[in-house]
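These notes concern the structure reproduced below.
The values are calculated or read from the model by the stated rules, or taken from the named source; none is laboratory data. Bear in mind that the values here come from a model prediction, so they are computed numbers and not experimental data. Glycine gets a Cβ as well: all are built from the backbone with ideal geometry, and neighbour counts include every protein chain shown. Note: accessible area is taken over every heavy atom of the protein model, side chains too, but ligands, DNA and RNA are not part of it. Shrake-Rupley method; radii C 1.70, N 1.55, O 1.52, S 1.80 Å.
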Amino acid sequence: MQLVGFTPNPANSQRKKMKIVDIQVIPFRVRRRGYSNGQVLPESDVVQTLTKIITDEGAEGYYFGGFGHGDQDGMPSDQRAALEGRMKRLLVGHDPFDREKFWHWMWVANIEENLISVIDMALWDLQARAFNIPLYKLLGGCREKVKAYASTYPNMGSIDNYVQHALDCQRQGYKHYKIHPYYFWNPVTQQPDPGRPSHIAQDIELCRAIRAAVGDSMELSFDPWGTYRTYEDAYKVGRVLEELNFLWYEHPMPEYRVSSYEKLTRELSIPILSPEIAAGSLYTRAEWIKREASDMTRIDVLRGGITGVKKLVGVCEAFGVKCEIHMSGFANLQILGSTSEDTCEYYERGLLAPGVDYETPPPYLAAICDPMDAEGYVHLPDAPGLGYQIVWDYIEENRL
């Protein structure tokens, strides 16, 4: 296999070392419709970012986003400055293929976890592009398609709204539907409720209604996003989920209450899936596995990059623990293509809600990363690297 931009020399088998010469973060404007409390919001301007790593041989690596949910949300100005300042000084002049070395350097330097992740993913993208192959093949290809589940927005209005949405997703081909219920919103008064983040009576009613509507042929899972403030609330809802044969119970309580998770995992038979958003990448999750604080673990590429996720997958394989990847996005999908379904089963597609257009790519990309077939599978892209089909003209016209 010939590296793009390289000319092989049979007389010299040693690879000429590339060097990183620049790291750039390009902020640009995107029009986007939000969603809140059952309503699709009007279009507004948001900032997206493209991180670019440039080498002296012409090879480049890219990563979109890096803040908030998946790869859709651009980094704020202070984080952009950190990438183009401290981290650039750390990496310029070094071989871009030395990702493992950089990964350890950045952890030791206490660099913010999402910034470690952005650099790591742009470097993986760079090498896969240099080899002109999809990233999951560079990581070690394992499967060409991944089962997807429909992941909802929270606070989607009435219970009937949720039920209709679940039925629509079932008809679309989804075999698994994940409910984000009501939080920081009162489903009875239809008003914000910041002091009471969860409403377990309505959550239970919601779960019963959706199970009755979709039947037993569709897997269901449940994620209240850590808003159950007491063990008793989490336990009460968990017992109902067991009765309704839900697949997993995700992130029910704040994740700093690890002993409460240990107790909940012992007391309930439904698999507990956590930690979801706890900092510390594989290190935190390895501690949870050791303490048996959850039955399954959860991570995404903004918590240690592709390198961190792949390390955790190895730990999970060794202990026979499921590792469900959190959030949609190009890099998370590439990870799944390089892992076994026995360990990482599903791709989280969404967030989805009635009236939300998920199928149209953002204007800076020619295609979404995760089109789904009629059987509920997302297929891995063939494009090199992370799979971006970048519309450079749009980015240049909307630079900030």
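A few points about this structure:
- Residue check: P96 meets all listed conditions (1) part of a helix (DSSP H, G or I); (2) surrounded by 22 or more Cβ atoms within 10 Å (Cβ to Cβ); (3) touching a strand residue (DSSP E or B) at 6+ places or on another chain (Cβ under 6 Å) but one, namely (1).
- Residue count for region 272-294, restricted to those that are buried (at least 20 other Cβ atoms within 10 Å of the Cβ) and either hydrophobic (A, V, I, L, M, F, W, C) or not in a helix (DSSP H, G or I) (or both): 11.
- Contacts under 9 angstrom Cβ, first residue in region 65-88 being closer than 21 Å to P362 by Cβ, partner basic (K, R) and open to solvent by 10 Å² or more (accessible area, probe 1.4 Å), 6 or more apart: Q72/R32; G74/R80
- Lone qualifier among I390, I368, I335 - being among the hydrophobic types (A, V, I, L, M, F, W, C), under 18 Å from L135 (Cα atoms) and free of Cβ contacts under 8 Å to residues at least 24 places away in the same chain: I368
- Every condition in (1) part of a loop (DSSP other than H, G, I, E, B); (2) closer than 18 Å to R303 by Cα holds for L83 except the one numbered (1).
- Per the conditions (1) modelled with pLDDT of 95 or more; (2) among the small types (G, A, S); (3) more than 24 Å from the chain's Cα centre (by Cα), the sole criterion not satisfied by G61 is (3).
- Yes/no for D168 being over 18 Å from the mean Cα position of the chain (by Cα), part of a helix (DSSP H, G or I) and among the charged types (D, E, K, R): yes
- Entry remark, region 366-397: residues being under 24 Å from L126 (Cα atoms), within 18 Å of the chain's Cα centre (by Cα) and not in a loop (DSSP other than H, G, I, E, B) number 3 in total.
- When P362, P371 are checked against the criterion of being of a type outside the set (G, A, S), modelled with pLDDT of 95 or more, farther than 15 Å from F64 by Cα and surrounded by fewer than 21 Cβ atoms within 10 Å (Cβ to Cβ), P371 stands alone in meeting it.
Let's see how each residue does on (1) open to solvent by 40 Å² or more (accessible area, probe 1.4 Å); (2) assigned to a loop (DSSP other than H, G, I, E, B):
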{"position": "C316", "(1), (2)": "no, no"}
{"position": "E324", "(1), (2)": "no, no"}
{"position": "Q334", "(1), (2)": "no, no"}
{"position": "T343", "(1), (2)": "no, yes"}
{"position": "G350", "(1), (2)": "no, no"}
{"position": "D357", "(1), (2)": "yes, yes"}
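- Of all the numbered requirements in (1) open to solvent by 10 Å² or more (accessible area, probe 1.4 Å); (2) small (G, A, S); (3) out of contact with any Leu (no Cβ under 9 Å at 6 or more places or on another chain), S198 misses one, and that requirement is (1).
- The residues of region 44-58 that are open to solvent by less than 50 Å² (accessible area, probe 1.4 Å) and more than 19 Å from the chain's Cα centre (by Cα), listed by number, are V46, K52, I53, I54, T55.
- Residues within region 311-370 that are over 30 Å from V46 (Cα atoms) and among the charged types (D, E, K, R), tallied: 6
- Condition check for S260: at pLDDT 95 or above and either under 20 Å from the mean Cα position of the chain (by Cα) or surrounded by fewer than 16 Cβ atoms within 10 Å (Cβ to Cβ) (or both): no
- Taken together, the residues in region 148-163 that are within 17 Å of I204 (Cα to Cα) and not in a loop (DSSP other than H, G, I, E, B) amount to 6.
- Qualifying position, being open to solvent by less than 10 Å² (accessible area, probe 1.4 Å) and at positive phi, among G385, G320: G385
- Residue match in region 75-85 (condition: at pLDDT 95 or above, acidic (D, E) and surrounded by 12 or more Cβ atoms within 10 Å (Cβ to Cβ)): yes
- Selection of first residues in region 156-174 that are within 20 Å of D223 (Cβ to Cβ) and of second residues that are open to solvent by less than 50 Å² (accessible area, probe 1.4 Å) and among the aromatic types (F, W, Y), restricted to Cβ pairs under 8 Å at least 6 apart or on distinct chains, gives the following pairs, ordered by first then second residue: M156/Y162; A166/Y177; C169/Y177; Q170/Y177; Y174/Y149.
- L302 being open to solvent by 10 Å² or more (accessible area, probe 1.4 Å), within 27 Å of K137 (Cα to Cα), of a type outside the set (K, R) and out of contact with any Lys or Arg (no Cβ under 7 Å at 6 or more places or on another chain): yes
- In region 133-143 there is at least one residue that is part of a helix (DSSP H, G or I), touching a Cys at 6+ places or on another chain (Cβ under 9 Å) and open to solvent by less than 30 Å² (accessible area, probe 1.4 Å).
- Yes/no for Y174 being among the hydroxyl-bearing types (S, T, Y), under 26 Å from the mean Cα position of the chain (by Cα) and over 16 Å from Y149 (Cα atoms): no
- Options E267, E255: the member that is open to solvent by 10 Å² or more (accessible area, probe 1.4 Å) and within 20 Å of S198 (Cα to Cα): E255
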